[in-house]
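Single-structure report; data block below.
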Amino acid sequence: RMVAAVKAHPGWYGQAYLCLSSIYGLRRIEMTTLTMDLPNSRLVVKTAKRRKNEEWREHTVPDNLKPYLETYLHLDVAGLNGLYYVICRDAGLTPEPREGWHAIRRLLDTELIMHGGPAEISGPAWYLMVKQFLRWSMPRGDMAAYYFSPKDVDAAIFTTHPFLALW
């Protein structure tokens, strides 16, 4: 319902923020500090919970998302808080007290793990890919964090992403 609500307003920056949240599971602070290079299908996120040498994460931007991401208008965290409630209102939803953008991140995490990955990637490997895609902190020295390139992770995630088809 939220995606339908923002799509009803072509060119509105709410589209970009809901797209970023529902597709990449970005945290609020990550949505305010990212860099987009849409002609090259790149999204660079300054991760909120990484060590200094791991603070940037690059994501691939599928072509169907570009029109929505082009509506991006820089907002601060306070502006984002209000935007979440505006989108909920437009969608006919009443958020729980203290609910916000992070609820979408948690839902995406759960849905990706529950849907499972492509046939060739399952079990612990899929779980690690989901955590890497969502920019969860991996313990220092955890070799699993180095097995998959960001492009490979994005490609695998997008094959079963529960919200990508909504856009």
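The values are calculated or read from the model by the stated rules, or taken from the named source; none is laboratory data. Computed from a predicted structure; not experimentally measured. All Cβ positions, glycine included, derive from the backbone under ideal geometry; neighbour counts span all protein chains shown. Heads up: the accessible areas ignore ligands, DNA and RNA and are worked out on the full protein's heavy atoms, side chains in. Shrake-Rupley method; radii C 1.70, N 1.55, O 1.52, S 1.80 Å.
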Requested in this report: Scan region 82-90 and give yes if some residue there is in contact (Cβ under 8 Å) with a residue 40 or more places away in the chain and open to solvent by 20 Å² or more (accessible area, probe 1.4 Å), otherwise no.
Outcome: yes
Requested in this report: Residue by residue through region 1-55, note down the ones that are touching a His at 6+ places or on another chain (Cβ under 8 Å) and within 16 Å of Asn81 (Cα to Cα).
Outcome: Gln15, Arg27, Arg28, Thr32
Requested in this report: Might you let me know whether region 41-50 holds any residue that is closer than 23 Å to Thr159 by Cβ and in contact with a Lys or Arg (Cβ under 7 Å, 6 or more places away or on another chain)?
Outcome: yes
Report task. Out of Arg135, Arg140, Arg106, report the one residue that is at pLDDT below 95 and either part of a helix (DSSP H, G or I) or under 16 Å from the mean Cα position of the chain (by Cα) (or both). Result -> Arg135
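Quick grid of which residues meet (1) aromatic (Phe, Trp, Tyr); (2) assigned to a helix (DSSP H, G or I); (3) at pLDDT 95 or above:
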residue	(1), (2), (3)
Val3	no, yes, yes
Gly14	no, yes, yes
Tyr17	yes, yes, yes
Met36	no, no, yes
Val45	no, no, no
Arg50	no, no, no
His59	no, no, yes
Pro67	no, yes, yes
Query - Checklist (1) open to solvent by 20 Å² or more (accessible area, probe 1.4 Å); (2) out of contact with any His (no Cβ under 9 Å at 6 or more places or on another chain) applied to Leu69, failing item - result: (1)
Query - Condition met for Asp90 (among the charged types (D, E, K, R) and touching a helix residue (DSSP H, G or I) at 6+ places or on another chain (Cβ under 6 Å)) - result: yes
Report summary line: Arg135 passes all but one of the listed conditions (1) open to solvent by 50 Å² or more (accessible area, probe 1.4 Å); (2) at positive phi; (3) touching a residue at least 12 places away in the same chain (Cβ under 8 Å); (4) not acidic (Asp, Glu); the exception is number (1)
